[in-house]
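J.: Structure below; questions to follow.
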Amino acid sequence: MNILLISGSLPAGSTNTALLRTAQAVASGGTKAVLYEGMNGLPHFNPDDDHEPLHPAVADLRANIKAADALLFSTPEYAGDLPGSFKNLLDWTVGGGEISQKPVAWVNVFSVASPKGGADVHESLRGVLGYVGAEIVEAACLRMPLTRDLIGADGLIAAAEVRRQIAGVLEALTQHVQNAYPENAAGE
């Protein structure tokens, strides 16, 4: 099982990226969690450029999505919506169709001071992923309060409860793929 992890946040100390790095660390069994790190290299989306030959960064993004059995996103809320760089990444997924019918989930982290607890970005992501025809795995979608002080020097979250929740998200996503696509569970 190959789960592609995509952070919607660019800063090096991002809580969203730390959550996904922690997901890599807690992935169990035959689940391989791979962190996509190319968002900063994507060009600005322009429909005129969405054709072969694609920009190498776009081709890499689409190849990574195509190779994955499922996707797990984690993105912050910025000014009440998806961050522009992350929306740009999602825009590049529309024309290729690789994300259509692909099982997806997300864990959106938010500051405890967030007035809506990340609800706006949660719904924005649902709208965009629904538009591109992704298969949203509701049982694996979560909003989670998370503060930077929970991130260790190694960039991982050590808090047992948070790690348990992340492992639960991966398990729900993996179980969905195995039940909906048994050929993936058999390694075919």
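The values are calculated or read from the model by the stated rules, or taken from the named source; none is laboratory data. Because the structure is predicted, anything quoted here is derived from the model rather than measured. As a convention, Cβ positions derive from the backbone with ideal geometry for all residues, glycine included, and neighbour counts pool all protein chains shown. What goes into the accessible areas is simple: the full protein's heavy atoms, side chains included, and nothing from ligands, DNA or RNA. Shrake-Rupley method; radii C 1.70, N 1.55, O 1.52, S 1.80 Å.
J.: When only alpha-carbon atoms are used, what values of Rg and Dmax, in angstrom, describe segment 1-41?
T.: Every Cα atom of segment 1-41 included, Rg and Dmax give 10.5, 32 Å.
J.: Search the structure for amide H atoms under 5 Å from the amide H of VAL104, placed 1.01 Å from N in the peptide plane, and list their residues when 5 or more places away or on another chain.
T.: LEU71, GLU135, ILE136, VAL137
J.: Once every DSSP H run of n ≥ 4 in the chain is given -39500 (n - 2.57) and the sum is divided by its residues, what mean residue ellipticity at 222 nm do you get, rounded to the nearest 500 deg cm²/dmol?
T.: Working: 6 runs with 73 residues, N = 188.
Here the helix-only value at 222 nm equals -12000 deg cm²/dmol.
J.: Rounded to the nearest angstrom and ordered from largest down, what semi-axes does the equivalent ellipsoid of the chain get from its C-alpha gyration tensor (root of 5λ)?
T.: Numbers: eigenvalues 114, 88, 46 Å².
The answer is 24, 21, 15 Å, longest axis first.
J.: As a test of the definition: which semi-axes, in Å, follow for segment 118-182 when you take the square root of five times each eigenvalue of its alpha carbon gyration tensor? Largest first, please.
T.: After diagonalising the Cα gyration tensor, the semi-axes are 25, 18, 9 Å.
J.: In the chain, what % of DSSP beta bridges are antiparallel (nearest 5)?
T.: So the antiparallel bridges in the chain amount to around 10 percent.
J.: List, largest first, the extents of the alpha carbons of segment 7-101 along their principal axes, each in whole Å.
T.: Extents along the principal axes, in whole Å: 40, 35, 22.
J.: Output ³J(HN,Hα) for segment 130-145: one whole-Hz value per residue in order, computed from phi by the Karplus curve 6.51 cos²θ - 1.76 cosθ + 1.60 with θ = phi - 60°, and x for Gly and Pro.
T.: x, 4, 7, x, 5, 8, 6, 9, 4, 5, 10, 9, 8, 10, 9, x
J.: Whole-Hz Karplus ³J(HN,Hα) for segment 9-24, in order, using 6.51 cos²θ - 1.76 cosθ + 1.60 and θ = phi - 60°, x for Gly and Pro?
T.: Residue by residue, segment 9-24 yields 10, 8, x, 4, x, 4, 5, 5, 5, 4, 4, 6, 4, 5, 4, 4 Hz.
J.: Counting only pairs 8 or more residues apart or on different chains, how many lysine pairs in segment 32-149 have their Cα atoms under 24 Å apart?
T.: Value for segment 32-149: 6.
J.: Now for a separate question. Have a look at ALA23, HIS44, ASN88 and report the one farthest towards the positive end of the charge dipole of the chain, computed about the Cα centre with Cβ charges (Lys/Arg +1, Asp/Glu -1).
T.: ALA23
J.: Take the solvent-accessible surface of the protein heavy atoms, probe 1.4 Å, and return the percent of it on the chain that carbon and sulfur atoms account for.
T.: Answer for the chain: carbon and sulfur cover 52 percent of the accessible area.
J.: Per residue, how large is the accessible surface of segment 39-151? Use a 1.4 angstrom probe and give square angstrom.
T.: Solvent-accessible surface per residue comes out at 47 Å².
J.: Name the residues whose placed amide hydrogens come within less than 5 Å of the amide hydrogen of ALA33, ignoring near sequence neighbours (fewer than 5 apart) on the same chain.
T.: Under 5 Å from the amide H of ALA33 lie the amide H atoms of ILE3, each far enough along the sequence or on another chain.
J.: Give the residue from PRO145, ILE166, VAL177 lying farthest towards the positive end of the charge dipole for segment 124-188; charges sit on Cβ (+1 for Lys and Arg, -1 for Asp and Glu) and the dipole is referred to the Cα centre.
T.: So the residue we want is PRO145.
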